[in-house]
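Taking it in order: structure first as structure tokens, then the write-up.
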Amino acid sequence: MGLAYLAAVLEQHGYKVEILDAPAFQLTYEKIPAEVERRKPDIVGVTATTAVAPSALKTAQMVKEAAPEALVIMGGPHITFLPEETMKAEPSIQIGVIGEGEYTLLDLVKTWEENGNLREVKGVIYRENGSLKYSEPRPLIENLDELPFPARHLLPMERYKVFGKHETLGLVFTSRGCPFNCTFCSSSLIFGKRFRARSPKNVVDEVEEFIEQYKSNHVEFVDDLFIFDKKRVKEICRELKERGLDVLWVCSARVDTVDGEIFKEIRDAGCVMVYLGVESGVQRVLNLMRKGIKVEQSVRAVKLAKEAGLQVVASFVLGIPGETWEEAMETIRFAKKLDPDFVQFSLATPFPGTELYRVAKEEGLLLTEDWTKYTVLKPVMRTEELSEERLRKLIKKAYFDFYLQPHVIWRYIRRGYAKELLVNVMGKYFWQYFKSKLGFQ
């Protein structure tokens, strides 16, 4: 949705914008030049998280070859945390946007249009006389309500479907910023450590617009900390109910910011699923992560969410430096005992910008900086306790041990999720296993 926010701000100021979601259309590199030549853009912006950075760099190169006169810009988390490395890796990128991009891109477009000085645009890295230069950092956006709703009309919304259904899914950001200090997370480094939130009315206005325009009532609030300010959450719930919006929604929360009352409140307002960051079943490991929670809080949060009638997705991180094999096994056993509706196991992945990345670089733990492998399912960092091979076995064992439990399989069959379980969850691991046996990895 980041591109849709950028586009909405530009459209608000009279600029013509198009969005090409290449993955959604399964576009190959060979088709990109034709798409660029057909559109004849003056400016092309490419966004990239770390895992897709190599693909984004190649895309930027092909765009520049197809439209030599166009200005090529890159934004997103990867260039925010590795600006110089990214600019040096691909000469076709002329400007990098660092941090929140809505008003940076707007100022950049205006400055470029007027042949102004890029030094005056806050929040960018740019090329000048063969060198890389930084402008002054851009302050974070204080009032998120002033941002227009994302330009969904520029996206292929019909291709964004609800898990296991054929209905369009609406993604909605209601806040930015995180005051916590998890070693594996870079969210606060992009959006700041201060929690900034949209007003309940503004949030529900967007939800209502989505329902009316796309005839779907499935929404996911994709904030890192939707349940942080409980008063605001309750006001959002009250606004949804007062408007009579029949919406089914999903949100995320920390286990130490929830209680039975708030779970019941969100359930009554249409929430059907909550994503909880459990991360580990061992207190020592949680402390290593600087998660700031207690194991007992995870037990309580999952229990209360279930009692309120919510489905629970529990996330776990395995392989943090300092964690032993037996502690990882204890976390897998803990996940099975908690028995959430879904689990998401990830290998500790040192994304640029995180404390984990700094430690991995300093201690020589990185196995690769091939960013395509930074999927959280492949080991890209060893630890003193766990080798690359043991980490491979660990992530596979975690998923198999949980999802191959008879009662879990039966649960998905009952709910009509059997195909998703076999194809999306288990299929990739069986395929990786067979590839390794055949010598392809």
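When the residues of region 133-177 are filtered to those that are within 24 Å of Met273 (Cα to Cα), touching a strand residue (DSSP E or B) at 6+ places or on another chain (Cβ under 7 Å) and hydrophobic (A, V, I, L, M, F, W, C), which remaining residue is surrounded by the most Cβ atoms within 10 Å (Cβ to Cβ)?
Result: Val172.
Which members of region 62-91 meet the condition of being buried (at least 19 other Cβ atoms within 10 Å of the Cβ), touching a Leu at 6+ places or on another chain (Cβ under 9 Å) and not in a helix (DSSP H, G or I)?
Across region 62-91, the qualifying residues are Ile73, Met74, Gly75, Glu90.
Residues checked against (1) in a loop (DSSP other than H, G, I, E, B); (2) closer than 18 Å to Pro200 by Cβ; (3) outside the structural domain of Gly177 (by TED's automatic domain parsing):
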{"residue": "Val219", "(1), (2), (3)": "no, yes, no"}
{"residue": "Cys237", "(1), (2), (3)": "no, yes, no"}
{"residue": "Lys241", "(1), (2), (3)": "no, yes, no"}
{"residue": "Leu245", "(1), (2), (3)": "yes, yes, no"}
{"residue": "Val278", "(1), (2), (3)": "no, no, no"}
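Tell me, yes or no, whether region 255-269 has at least one residue that is farther than 21 Å from His407 by Cβ, hydroxyl-bearing (Ser, Thr, Tyr), modelled with pLDDT of 95 or more and in a strand (DSSP E or B).
For region 255-269, residues farther than 21 Å from His407 by Cβ, hydroxyl-bearing (Ser, Thr, Tyr), modelled with pLDDT of 95 or more and in a strand (DSSP E or B): absent.
Going by the conditions given, is Gly353 assigned to a loop (DSSP other than H, G, I, E, B), under 28 Å from Ser55 (Cβ atoms), in the same structural domain as Phe184 (by TED's automatic domain parsing) and modelled with pLDDT under 95?
yes
Ala301: among the hydrophobic types (A, V, I, L, M, F, W, C), part of a helix (DSSP H, G or I), at pLDDT 95 or above and within 27 Å of Ser188 (Cα to Cα), yes or no?
When the stated conditions are applied, Ala301 passes them.
Going by the conditions given, is Thr331 of a type in the set (S, T, N, Q), modelled with pLDDT of 95 or more, assigned by TED's automatic domain parsing to the domain that holds Asp256 and not in a helix (DSSP H, G or I)?
no
Anything in region 111-139 that is touching a residue at least 40 places away in the same chain (Cβ under 8 Å) and not β-branched (Val, Ile, Thr)? List them, or say none.
Of everything in region 111-139, those that are touching a residue at least 40 places away in the same chain (Cβ under 8 Å) and not β-branched (Val, Ile, Thr) turn out to be Trp112, Arg127, Leu132, Tyr134, Arg138.
Give region 378-391 a look and list any residue that's in contact (Cβ under 8 Å) with a residue 40 or more places away in the chain and either within 23 Å of Leu338 (Cα to Cα) or of a type outside the set (Ser, Thr, Tyr) (or both), or say none.
Within region 378-391, Pro379, Met381, Glu384, Glu385, Leu386, Arg390, Leu391 meet the criteria.
Within region 2-15, is there a residue that is of a type in the set (A, V, I, L, M), more than 21 Å from Phe173 (Cα to Cα) and at pLDDT 95 or above?
no
Taking Phe180 as the residue in question, decide whether it is among the hydrophobic types (A, V, I, L, M, F, W, C), touching a residue at least 12 places away in the same chain (Cβ under 8 Å), within 30 Å of Ile79 (Cα to Cα) and buried (at least 18 other Cβ atoms within 10 Å of the Cβ).
Yes.
Out of region 210-227, which residues are in contact with a helix residue (DSSP H, G or I) (Cβ under 9 Å, 6 or more places away or on another chain) and charged (D, E, K, R)?
The one that is in contact with a helix residue (DSSP H, G or I) (Cβ under 9 Å, 6 or more places away or on another chain) and charged (D, E, K, R): Asp224.
Restricting attention to region 232-278, which residues are charged (D, E, K, R) and without any contact (Cβ under 8 Å) to a residue 40 or more places away in the chain?
Arg232, Lys234, Glu235, Arg238, Glu239, Lys241, Glu242, Arg243, Asp246, Glu261, Glu265, Asp268
Please go through region 10-30 and give me each residue that is among the β-branched types (Val, Ile, Thr) and in contact (Cβ under 8 Å) with a residue 60 or more places away in the chain, ordered by number.
Residues satisfying the conditions are Val17, Ile19.
Taking the residues in region 202-217 that are touching a Ser or Thr at 6+ places or on another chain (Cβ under 7 Å) and of a type outside the set (A, V, I, L, M) as candidates, determine which candidate is surrounded by the most Cβ atoms within 10 Å (Cβ to Cβ).
The extreme case among them is Ser216.
Can you name the helices (runs of 4 or more DSSP H) wholly within region 1-61 that have at least 3 residues being touching a strand residue (DSSP E or B) at 6+ places or on another chain (Cβ under 8 Å)?
2-12
Just to be sure, is Phe345 within 23 Å of Ser387 (Cα to Cα) and part of a strand (DSSP E or B)?
Yes; evaluated as a whole, the condition is true for this residue.
Taking Glu326 as the residue in question, decide whether it is acidic (Asp, Glu), out of contact with any helix residue (DSSP H, G or I) (no Cβ under 9 Å at 6 or more places or on another chain) and either in the same structural domain as Arg284 (by TED's automatic domain parsing) or surrounded by fewer than 17 Cβ atoms within 10 Å (Cβ to Cβ) (or both).
So Glu326 fits the description; yes.
Any idea how many residues of region 97-152 are assigned to a strand (DSSP E or B) and not hydroxyl-bearing (Ser, Thr, Tyr)?
Within region 97-152, residues that are assigned to a strand (DSSP E or B) and not hydroxyl-bearing (Ser, Thr, Tyr) number 7.
The values are calculated or read from the model by the stated rules, or taken from the named source; none is laboratory data. Small disclaimer: the values here were computed from a predicted structure and weren't measured. We place every Cβ from the backbone using ideal geometry, glycine too, and count neighbours over all the protein chains shown.
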